[in-house]
Amino acid sequence: MHQTALKAPESSGVYLWRNPQETVIYVGKAKNLKNRLSSYFSGRKDIKTRLLISRAVSIEYITTANEYEAFLLENNLIKKYTPRYNINLKDGKSYPVLRITNEKFPRLFKTRQMIQDGSTYFGPFPDVAALDTFIDTLYKLYPIRHCKKFREREYPCMYYHIGRCKAPCCGKIDKQSYISFFGEIAKLLEGKGKQTEESLSAEMKAAAKELNFEKAARIRDGLKALLIMQNQNIVEDFSAEDRDYIAHWREGELASFTVLKIREGKVQGRDNYRVESLNEDDELLPEFMNAYYEEEHDLPPAIYVPSQSGLEFISRWIKEKFNSDTKIILVTEEMENAARHKAALDMARQNAHEDIIRRLRERGDTPALEELKNLLALPRLPVRIEGFDIAHIGGKFPVASLISFYNGNPDKKNYRYFRLKTTDGIIDDFASMREAVSRRYTRLLNEQSELPDLILIDGGIGQVNAVEGILRALNLEIPIAGLAKRDEEIWRPHASEPIQLPKRSDALRLLQRVRDETHRFATSRRANLQTKENTVSVFESLPSVGEKRARALTKKFVTLENLANAQEAEIAECLRVRANDAAQILIEAKKLFSEQAEKKQSQIRSLKEAGTTKEIAAHKEYISRLADLAGGDV
């Protein structure tokens, strides 16, 4: 393949990548075939390029007279071969619908699957949050059942006692009366616009005239909830010109596009499309638009986009194919009403980003795990990754965070934090990391619990080597990596140089997510401890000293050391207590200050002993000291 690239002509054209089965897996265009194809085999390649090269065995190319002809030919070949790594539109909305079950006593709920069992469905609803609010409102308005499986009971559940269900399971409501609730709900959902509002308003007035005020109130509140849901997706204050806004978000070979359709000044539709493409970023949008606009009636008068690259071809193609005057407009700061157009594009981009997050969660980020396994030469896929970080303020409130990722996503039930005991008041990140790791994995060994497939340290080679020493002392062979913030370098134990990955690497993205989550968790816990300690004065531990007297001592002496060196008379005058009480307070203050000073000296000696040797025996002694300090709970 490399030789094919070197021998390619310096003219515009289209190239095709084929896999071992001779299937076309990618079609691309180039202004200069030789330069474009040679770029695949020179310099540092990002993950999508490596993926393409690893799955292809041959390249062929077709020259064209100019780049626009290459654009047209590329479009035809994509439609002919439907390559895996070109944009092949599949509607990725997966919007939820509202289902009313086909049961004697139905229930309603949100779902993304439609089952042909006689159930009634309404939707789909693009705004999930608005739908959730609407469903919650319905459950408050209508006393219908909440349980997933209907079964007859002797006694009703809690929802009956709080007036949120009529308990059909206990026979406290007949079928016809219960079904009437769903008739009202269906009317809320099945109509559109003013017709529905007018019909329901008339029914509400009729109910009030018949003195059925409970039903009238239900319909009134239901109408309010329906209007809220309908307006959730409406962007107002635009001109009446019809237009589309297109934006996308990309993670590796995954890309999601969102198209906002503005009709008569309001958002009438929001289409999400999920694609896999190995095209360059500046070519994704033209490729998508080429696939998206297939009929003349699909084209609005204007299409607003965030990037101009390649759009001259799209404009020409639209004119020639559809004989349309549709304008493709780049949103800039200088244009008229720039803030409004930018807000719409931001909305589209945010929707695309959310869809990418869902896609990564659904697939478990397997590509990132596989790439990480290969790059770090791990013995198995790092399904379980545990990350550590240290947080403190000048040595005070030292906390280590432990977070866990499973299949590339946070596993918050396995998050832990450690209030560090050997470095309280001392700044030593290496010792702090050794303490946290030793406590964590000594406990897992004692409990014979599952060990992680990879440990990620927020730091460089120093922290990584410190942790590696502890693991060796525990006879554990868990792979370790450190991610240094400065250049996002990956360090392995005793490495002379770090591993550097492309910015778009799936593996790097996953490590960054783990690192950022450890930092967030450590910082939040440290802040909580700081707030807690700041609200409880050390003086309150002294005899006969409460919150009020503690404030007086703090104002007068500031620190425990100053109080321990004070005179009885000073304390008695400050607190207005008898001499005997002042003497007892002074004795306890001296005792407490002496204990704190002795503890700090012990910590310093412990750190020096643990930090001056690299021998395994020293690490074992260090772990033993931690166990003694923690009372056996490491």
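What number comes out for the charge environment of residue 479, summing +1 per Lys or Arg and -1 per Asp or Glu over other residues with Cβ under 9 Å away?
Value of the local net charge: -1.
Using a cut-off of 11 Å between beta-carbons, work out the net charge of the residues near residue 173 (Lys and Arg +1, Asp and Glu -1, residue 173 not included).
Its environment carries a net charge of +3.
So, for region 287-336, what is the accessible surface per residue at a probe of 1.4 Å, expressed in square angstrom?
It amounts to 54 Å² per residue over region 287-336.
Accessible area of region 301-453 with a 1.4 Å probe: how many percent of it is carbon plus sulfur?
Answer for region 301-453: carbon and sulfur cover 48 percent of the accessible area.
Just to be sure I understand the model, the point goes 7 Å from the Cα along the line to the Cβ. What's the resulting residue 548 to residue 520 distance in nm?
Taking the two extended label points, one gets 4.5 nm.
At 1.4 Å probe size, put 158, 433, 204 in order of accessible surface, largest to smallest.
158, 204, 433
Do you know the relative contact order of region 323-420, to the nearest whole percent, from alpha carbon pairs under 8 angstrom that are 6+ apart?
Reported as a whole number, the value is 18 percent.
Calculate the FRET efficiency for residue 541 and residue 172 from the Cβ-Cβ distance with a Förster distance of 60 Å, rounded to the nearest 0.05.
0.55
Express in whole angstrom the spacing between the alpha-carbon centres of region 280-315 and region 1-67.
Centre-to-centre distance over Cα atoms comes out at 24 Å.
Pop out the carbon and sulfur fraction of the accessible area of region 7-81 as a percent, whole number, probe 1.4 Å.
For region 7-81, the apolar C and S fraction of the accessible surface comes to 48 percent.
Suppose R0 equals 60 Å. What FRET efficiency, 1/(1 + (r/R0)^6) with r the Cβ-Cβ distance, do residue 335 and residue 567 give to the nearest 0.05?
With a Förster radius of 60 Å, E is 0.20.
Could you work out how much longer the chain between residue 409 and residue 212 gets when fully extended? Use 0.36 nm per residue separation minus the Cα distance between them, nm to one decimal.
Stretched out fully, the residue 409 to residue 212 stretch lengthens by 65.7 nm.
Could you compute the FRET efficiency for residue 41 and residue 136, with r as their C-beta to C-beta distance and R0 at 56 Å, rounded to 0.05?
0.50
Report the extension gain between residue 76 and residue 109 in nm, rounded to one decimal, defined as 0.36 nm multiplied by the number of residues separating them, less their alpha carbon distance.
Roughly 7.5 nm would be gained on extension.
The values are calculated or read from the model by the stated rules, or taken from the named source; none is laboratory data. None of the values given here were measured: they were computed from a predicted structure. As a convention, Cβ positions derive from the backbone with ideal geometry for all residues, glycine included, and neighbour counts pool all protein chains shown. When the accessible area is computed, the model is the full protein with side chains, heavy atoms only, and any ligands, DNA or RNA have been set aside. Shrake-Rupley method; radii C 1.70, N 1.55, O 1.52, S 1.80 Å.
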